[in-house]
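Report on the following structure.
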Amino acid sequence: MTLSKPKQVIFNKAQEYCEQKGVRFTPLRASVYRILLQEDASIGAYDLLDKLRNTEDNAKPPTVYRALDFFLELGLVHKVESNNTFKACHHFGCSHPVQFLICDECGDVQEIQSQGVKETLEAQAKENAFTILTQTIEAHGICKNCQDKAA
């Protein structure tokens, strides 16, 4: 399974990040992460399992879920809550709010960082004596490619 050069750079950084954290980036985890990096859309656990079975004949659902839990804990993957899928994070190693633009036509998922969203949300939470532990914002719509195809 070959990755494009930019995605291979991300893969290598993820591998190094795991080494720095003292956790194992096993061959099986590497296979799962490669699949996640290859996808433009987010991917569900069972679709991920189907793709993994192309190289790992005996892969089972717990195998995929353990790998996903591992990546989620390290911040290498985000969960797209609205459709229960997963997307590789390209700027891991830092705590950051997650914002997604999700195309309802092709399934493409773009992670973005909108200026002021985090600060506005935190200010409103503070006004309501609320402590935010995590923040994920998902916006559903139609991407430019799908809009162009429809035109």
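Every number here is computed from the coordinates shown, using simple stated rules; none is lab data. Predicted model only: the values in this text are computed from it and were never measured. So basically every Cβ, Gly included, is an ideal-geometry build from the backbone, and we count neighbours across all protein chains shown.
Structural remarks
- Rounded to 5, the percent of DSSP beta bridges in the chain classed as antiparallel: 60 percent
- Mean separation of Cα contacts under 8 Å (6+ apart) over length of the chain, as relative contact order %: 19 percent
- Packing-based ranking, highest mean first, of 97-105, 14-22 given that Cβ atoms within 10 Å are counted: 97-105, 14-22
- FRET efficiency, 1/(1 + (r/R0)^6) with R0 25 Å, evaluated for ASP47 and LEU3 via beta carbons: 0.85
- Only helices enter this figure: runs of n ≥ 4 DSSP H residues, each worth -39500 (n - 2.57), summed and divided by the residues of the chain, yield -14000 deg cm²/dmol at 222 nm to the nearest 500.
- Furthest towards positive pole of dipole, VAL77, GLN124, HIS90, structure part segment 69-143, Cβ charges: GLN124
- Ranked from largest, the principal axis spans of the Cα set of segment 1-88 equal 30, 29, 26 Å.
- Listed candidates (1) 58, 30, 22; (2) 51, 47, 29; (3) 47, 32, 31 - label of the one calculated as Cα extents along the principal axes in Å: (2)
- Neighbour counts of other Cβ atoms within 10 Å put ASP148, ASP40 in the fewest-to-most order ASP148, ASP40.
- Extension gain, CYS146 back to ALA30 (0.36 nm per residue minus Cα-Cα distance, nm): 38.6 nm
- Per-pair calculated FRET efficiency, R0 = 35 Å: GLN15 and THR136 via Cβ, rounded to 0.05: 0.85
- Taking amide H atoms as placed 1.01 Å from N in the peptide plane, the amide H of ILE137 lies under 5 Å from those of VAL98, GLN99, PHE100, each 5 or more residues away in sequence or on another chain.
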